[in-house]
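Inspection log for the structure reproduced underneath, given as structure tokens.
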Amino acid sequence: MHRPSSEVKLVTPLQIMKIRSAQSQRWMTRAAELEKAEAAFKQSLPPHIRASLKHKRILLFKEMLEAAHYPDKAVADDMASGFNLVGHLELPAGWAPDFRPASISAADLAALSRDGNQQIVRDVASSSSFTEELWQKSMEEVSKGWSEGPFSFDELPEGAIISKRFAIQQGQKVRPIDDLSQSLLNAAFGSEGKIQLHDTETIAAALLLFLRRHKSGLLGKTIDLKSAYRQLPLSSEALEMSFIAVKNPQTGEVQFFRLLCLPFGAVAAVHAFIRVSLALCHLGQTFWLLPWSAFYDDFTLLSTKALSSSSEKSAAFLLDLLGFDFDRDGDKAQPFGSIFRALGVEFNLQDKEGQSFEVANTKERTEELARDLGELASKERICPKAWNKIRGRLHFVAGQLAGRVPKRLMRRISDVVSSPSYWQHEDRAEVSNFLRQLQDYVVESRPRTLRAHTSETLYLFTDASQEGVGGQDMGLGAVLLNQEGRVLAWFGVLLPSPLAVALTSNKQKVINELESLTVLLSFALCKPLLQERHVMSYIDNEAARVTLLRMSSESQALTLLAGACAVLEDQLAMVPWYGRVPSRSNIADKPSRLDFTGLRPDARIPDARVLAQAGDIIRCIQDALRRLDAVLNRMSEMMAASTNAATVAAAALQSMQNVQAFTSAKSGLEGRDLLKILPKPDTFKCDKADDEHSKWHAWWWTFRQYLVAVDPNFDGEIATVERSLNTPVVIMSAEQQARSFQLYALLSALIKGRAFQTVKQISGQQGYEALRMLLLQYQPASRVRSLGILSALTQIKGFNPKEPYLPQILELERAFEQYAIASGEDVPPSLKSALLLRSLSGVMRQHICAALPEDASYSVLREAVLRYERVQFKWGVNNVFAQDSVLLGHRQHHDESTPMEIDRVGKGKYGKPSHGKGSKGKDQKGKGKDGKGKGKGGGKGKPWQAQDWRSNGKGNKGKDPKGGKGKGKGGGKGRLDPDVCGNCGRRGHWKNECWFQPQGRVQQVADDGQQSQALPSSAASTVSQ
């Protein structure tokens, strides 16, 4: 936009017209020269591409891009070959990099398409909205050559991919949308370039540039391409995946159309069309000096009044020359004007001085949003989903309005709606009040005003101090400067004692509030100087600065002060910028401490005026806080009354339940009782798709047990959903509907990441339908998944012999169940038995095979494995009685044994204890007690192992198996090789199975594979001898 606007200023309008006329003649002549080549070139194209590009001059388009030195010259060739719907789009020349890989490959897409096609057909068959309109639109596209059909399902080619077509209401018009997300086509597309559109801010910047160079007489208009996406063809490869399903309203059957042009709803189509529209925009700017911008299919054209006719004709000539159709009449073909619309925003250039313009939302958009806000405010309660839907529209509308007040209200609503208290029948009136305020703001707020030549930027420095006994010495200081560094105004005061006492009534340290108060005070005292200015406000308190930016804080006083600043910003039409400045660089620090060195006396704001304004602000804040406390107190009283009433009701209900329980002899915990002891299920969130599928089953099992514990009715209803994954859920009773709502709320709270998008797209808070979609996504009944499960089963590794067998067998059987769900048939019993035998260890497998007949069933084999495990388990004192059992204590008392370390041989005389100080050594990592330090009595730190009985007590010199050295003086614990027997040092068995007993060694058999128990002291002579 810089070059066209600069050229228009440097040369006269007549010269601009001559340049445009010459360019038109040049390219018209060249088009005539290429006419035969164009015809021959189109004959070489596939029929559907040739028909789509019938009126377009591809060779001329390519030559113009070359002459204009446009970076993305390949766009012309891509138009001629058609655009793909899947695959990877390399970085277009001139685009900023933004790598977004495809989620699935083309091969995966083909493998999943069969089951996906069937589901889409079922969805379309069950749909009843906009059926007539969708069928009519689809038939119109066939008549225009944009698609083919209709076809029956049997007429579709092998490997065809089907997408669903649905409709949305846009005012009085119904627009068909092709859902290529459900068919996974969008997931199979990746790109490397970042889409950069010419949005409303681009148009506003261009208008400012024009006004600075042309003073006045600026006009604008928009040019809208007609059926834009349908003007560009698909590639031949994409035709196999461009089928859409539409319900025939006459027969009720689902029929299919094959799109020949870009579908509206494809990610690949967005990239393709933007490449073409940006290329057209570049050609207009380069050759015809058109100051225009491109936003998808909307071109916003600016011009001076003298050149308006030339600009309009030149733009139309370019589009006609290259064969792009656009709206020439109707609402979208408005002439140049000082008020024009673009992208849903209205630009008003009717400033008398020609140095400013206004940006406002269109009347239709404003009225529609205000109506929706009013309807939402009248509801008893709004769900976060409904609020988020309207919040996106509010963000766009608020961007065209002056001030920051809407953002504060929207943030507050988001906080309240998502809080538990709101769903516990509290804070309802507060949300409605905020929504009404937003409604009034949208209707009454003034448009955003932009000026070509803004007045000078002002710099405001503020500071506060709190010192003295009890923090009662409170100073406020501010200095306002212009761009030359000249002081325009300043003040420095010490708050009187009554105001200081009032500020510290609730807490003693209020420096954050004082910092924010100083900013608000400066705005109020310097209104004439700050009017319609850009103000750089510097503050050295980060808490106050962040509160001013966010307009919310945990401190109610800070929130009120920040909100008041935002209101003043709106009233003064100022553009603030809040920055942080170090305290030593803050020139307002000295005035806040009553040091006025270097400040102009004539720019000082009188102290009386400052203190009066400060007193008014402090009183207003205190009144607001008192009213807020009163509201909170009333709410607390209401909550207490509600709690008391609920307590009485609960007591009455409990009495009735006790009577019922007594009469029916029923016992057990109810769902609400279980909620008090059951832990909340973990959140399901994974960063990678593979992790989602692998972790879903365990999470879903836990979550299902939680649901059934809360309400047993969930069990049967969930089983019904699992049996009919391909059929939409139909709720029959009010109780089922209530449980469906509960399930949706739980899924929304516990599921995050990619899976949350699946839940979010389900309308009406239908929890069972959301669950069905999740089960279809993570455990679908498809051949591809069943083959994957069967392949995993055949590659399963053996069970871990150190872990109990029952959980491992249950995990294997869960895989059997998943295969049955996915394939519709059970795993053959012989394969089950073979897989179970394969998972057993060698010794157990030999025992089972020898003990059972060859025709033993899977259940018999399973029971034999578990029985073998039970028989092999060693029962002893330690695993029969608790550690603090009186029976264990009674036994030790009668033994009268004194534990001794028989794993170490002392160096002292026979029968005498060693004098080592074992408790002072470091642990095996060198940091604790009882470690591997050097011991005076016996080996130097390493405990007895299989080889130690031959080592003559030399030990290990204090080193652990990892090489760490201890510095203490005791015997420590070493780490044994898990595959080596701790008794004989051989492999193939463990210590509790060992038959070898070393000579000269007394060792008691351990219970349950634990470390040997110490012998009575009477055995000491046997060891030492």
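Karplus-based coupling profile of the range 44-49, in residue order and whole Hz: 7, 8, x, x, 5, 6, with θ = phi - 60° in 6.51 cos²θ - 1.76 cosθ + 1.60 and x standing for Gly or Pro. Peptides 77-83, 91-97 ranked from most to least packed by the mean count of surrounding Cβ atoms within 10 Å: 77-83, 91-97.
Of the trypsin sites (Lys or Arg not before Pro) in the range 5-106, the ones in a loop by DSSP (not H, G, I, E or B) with at most 14 other beta carbons within 10 Å are 54. Dividing the mean sequence gap of close Cα pairs (under 8 Å, 6+ apart) by how many residues the range 453-537 holds gives a relative contact order of 38 percent.
What does the charge count around residue 841 come to, taking other residues whose C-beta lies under 12 Å from its C-beta (Lys +1, Arg +1, Asp -1, Glu -1)?
So the environment of residue 841 carries a net charge of +2.
With a sphere of radius 9 Å drawn around the Cβ of residue 174, what net charge do the other residues whose Cβ falls strictly inside it have (Lys, Arg +1; Asp, Glu -1)? With Lys, Arg at +1 and Asp, Glu at -1, the net is +2.
Ordering 102, 146, 170 by Cα displacement along the dipole of the range 59-175 toward the positive end leaves 170 in first place; charges were set at the Cβ atoms of Lys, Arg (+1) and Asp, Glu (-1). Amide H to amide H, with H built 1.01 Å from N, residue 260 comes under 5 Å of 147, 148, counting only residues 5 or more places away or on other chains.
For the range 546-557, backbone phi angles converted through the Karplus equation (6.51, -1.76, 1.60; θ = phi - 60°) give residue-by-residue couplings of 5, 5, 5, 6, 8, 6, 7, 7, 5, 7, 5, 5 Hz, Gly and Pro being listed as x. By the count of other C-beta atoms within 10 Å, a proxy for reagent exposure, 450, 373 are ordered fewest to most as 450, 373. Computed over neighbours whose Cβ is under 13 Å from that of residue 158, the net charge equals -2, Lys and Arg +1, Asp and Glu -1.
Beta bridges assigned by DSSP with both partners in the range 466-629 are antiparallel in approximately 55 percent of cases. Here 24, 857 are placed in order of increasing Cβ neighbour count within 10 Å, fewest first, which gives 857, 24. Karplus-based coupling profile of the range 842-851, in residue order and whole Hz: x, 5, 5, 4, 5, 5, 5, 5, 6, 8, with θ = phi - 60° in 6.51 cos²θ - 1.76 cosθ + 1.60 and x standing for Gly or Pro.
Given the alpha-carbon gyration tensor of the range 423-553, what are the semi-axes of its equivalent ellipsoid in whole angstrom, ordered largest first, with each equal to the square root of 5 times an eigenvalue?
29, 28, 11
Pairs over the 30 Å Cα-Cα cut-off, from the set 332/379; 36/144; 73/313; 137/389; 137/313: 332/379; 137/313.
Provide the packing ranking of 549-561, 123-135, 223-235, i.e. peptides ordered by the mean count of other C-beta atoms within 10 Å per residue, highest first.
223-235, 549-561, 123-135
Judged by the mean number of other Cβ atoms found within 10 Å, the most tightly packed of the peptides 709-717, 804-812 leads the ranking 709-717, 804-812. Projecting label points 7 angstrom from Cα along Cα→Cβ for residue 594 and residue 852 puts them 9.6 nm apart. Rounded, prolate or oblate, given the Cα gyration tensor of the range 322-389, with a/c below 1.5 counting as rounded? In terms of gyration-tensor shape, oblate. Neighbour counting of Cβ atoms within 10 Å sorts the residues 366, 597, 222, fewest neighbours leading, into 597, 366, 222.
Counting only Cβ charges, +1 for Lys and Arg and -1 for Asp and Glu, the dipole size of the range 474-573 around its Cα centre is about 140 debye. Taking GluC sites (Glu not before Pro) across the range 440-506, the ones in a DSSP loop with at most 15 further Cβ atoms lying within 10 angstrom of their Cβ are 456, 484.
For residue 185, enumerate residues with amide H under 5 Å from its amide H, sequence gap 5+ or separate chain, H modeled in the peptide plane. Here nothing satisfies the definition.
Let me make sure I get this right: for the range 466-629, a, b and c are the square roots of the gyration tensor eigenvalues over alpha carbons, sorted descending. Under 1.5 in a/c it's rounded, otherwise prolate if a/b > b/c, else oblate. Which is it? Cα axes put the range 466-629 in the oblate bin.
No lab work stands behind these numbers, since they all come straight from the coordinates. Remember, it's a predicted structure, so these values are computed and weren't measured experimentally. FYI the Cβ positions are ideal-geometry reconstructions off the backbone, even for glycines, and counts take in every protein chain you see.
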